[in-house]
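Reviewing the structure listed below.
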Amino acid sequence: MWWTAISSKTKLRVGRLVKAHGLKGAIKLELYTDSPDQRFQPGQILELQVPETSEWFGKTITVLELRFYNQSPVLFLEGIDDRSKAETLIKAILLIETETDILPEEPEAWYDHQLVGLKALVGAESVGTVIRVDHMPVQDLLAIETANGEVLVPFVKQIVPEVDIKSGQLVLTPPEGLFEVNQEAGTKDEN
């Protein structure tokens with residue numbers, strides 16, 4: 001296995017280390033969280049998702065400080081005090097453990113792992129299951145696995161008006177043709 005497995009039930013991806021910054025061990029960070037001050041507090045222990053061949057495989061790191069330079073997040077870590085050590089962590093995904101039943105503080109916000117597995121309904125009809133959430137620059141997309149393949153649905157209130165984590169489903173009001181085009185493609189493939 002090239003990457004360590006992630007349990008989407010207990011761990012959240014909060015960032016990725018992208019490149020060394022300066023000579024004193026700082027590392028530029030790509031954020032996967034809307035709460036960087038909370039997730040990267042001094043003393044926060046982060047798990048690493050790295051290749052099994054990495055010297056960091058199976059290890060954790062501890063946050064010293066999160067700073068912003070020209071609005072770009074830069075992370076300082078315990079024991080990483082020069083550029084060469086920082087470069088050994090480049091491309092590492094940062095994970096934190098969390099309770100699976102806790103929702104984000106904002107209303108109508110969910111963690112990806114809480115959406116994956118939900119049944120997608122159009123009216124009373126089940127059209128598929130959420131298999132992942134794609135975070136795109138303009139908007140997030142829900143990948144719905146249907147009987148005829150994958151459909152990407154914009155995760156906006158007009159198209160996904162209701163998400164019910166407890167009942168394990170979400171309601172879709174897709175634009176006309178979104179799922180029908182997919183059904184036609186599946187029919188053509190069968191002929």
Test for ALA143: is it modelled with pLDDT of 90 or more and closer than 30 Å to THR62 by Cβ: no
Scan of the range 45-57 for residues that are touching a residue at least 40 places away in the same chain (Cβ under 8 Å) and part of a loop (DSSP other than H, G, I, E, B), ordered by number: VAL50, GLU52, PHE57
The range 32-42 - residue that is buried (at least 16 other Cβ atoms within 10 Å of the Cβ) and modelled with pLDDT under 85 and, of those, nearest to LEU89 (Cα to Cα): TYR32
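How many residues does the range 124-154 contain that are in contact with a Ser or Thr (Cβ under 9 Å, 6 or more places away or on another chain) and outside any strand (DSSP E or B)?
Taking the range 124-154 as the starting set, the residues that turn out to be in contact with a Ser or Thr (Cβ under 9 Å, 6 or more places away or on another chain) are 127-129, 144-146, 148.
Narrowing further to those that are outside any strand (DSSP E or B): 148.
Residues in the range 124-154 being in contact with a Ser or Thr (Cβ under 9 Å, 6 or more places away or on another chain) and outside any strand (DSSP E or B): 1 in total.
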Neighbours by Cβ (under 8 Å, 6+ apart or cross-chain): first from the range 61-83, more than 15 Å from PRO36 (Cβ to Cβ); second of a type in the set (S, T, N, Q) and assigned to a loop (DSSP other than H, G, I, E, B): THR62/GLN44
Residue satisfying condition, being touching a strand residue (DSSP E or B) at 6+ places or on another chain (Cβ under 6 Å), outside the structural domain of ILE159 (by TED's automatic domain parsing) and among the hydroxyl-bearing types (Ser, Thr, Tyr), within set THR129, THR53, THR62, THR88: THR62
Residue satisfying all of: in the range 15-31; touching a residue at least 60 places away in the same chain (Cβ under 8 Å), outside any strand (DSSP E or B) and not aliphatic (A, V, I, L, M); surrounded by the fewest Cβ atoms within 10 Å (Cβ to Cβ) among these: GLY22
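Is it fair to say ALA124 is within 13 Å of LEU172 (Cα to Cα), touching a residue at least 40 places away in the same chain (Cβ under 8 Å) and of a type in the set (A, V, I, L, M, F, W, C)? Don't jump to the end; show me each part of the working.
Values: within 13 Å of LEU172 (Cα to Cα): yes; touching a residue at least 40 places away in the same chain (Cβ under 8 Å): no; of a type in the set (A, V, I, L, M, F, W, C): yes.
Against the criterion (within 13 Å of LEU172 (Cα to Cα), touching a residue at least 40 places away in the same chain (Cβ under 8 Å) and of a type in the set (A, V, I, L, M, F, W, C)), ALA124 does not qualify.
The values are calculated or read from the model by the stated rules, or taken from the named source; none is laboratory data. Here the structure is a predicted model, which is why all the values come from computation and not from measurement. All Cβ positions, glycine included, derive from the backbone under ideal geometry; neighbour counts span all protein chains shown.
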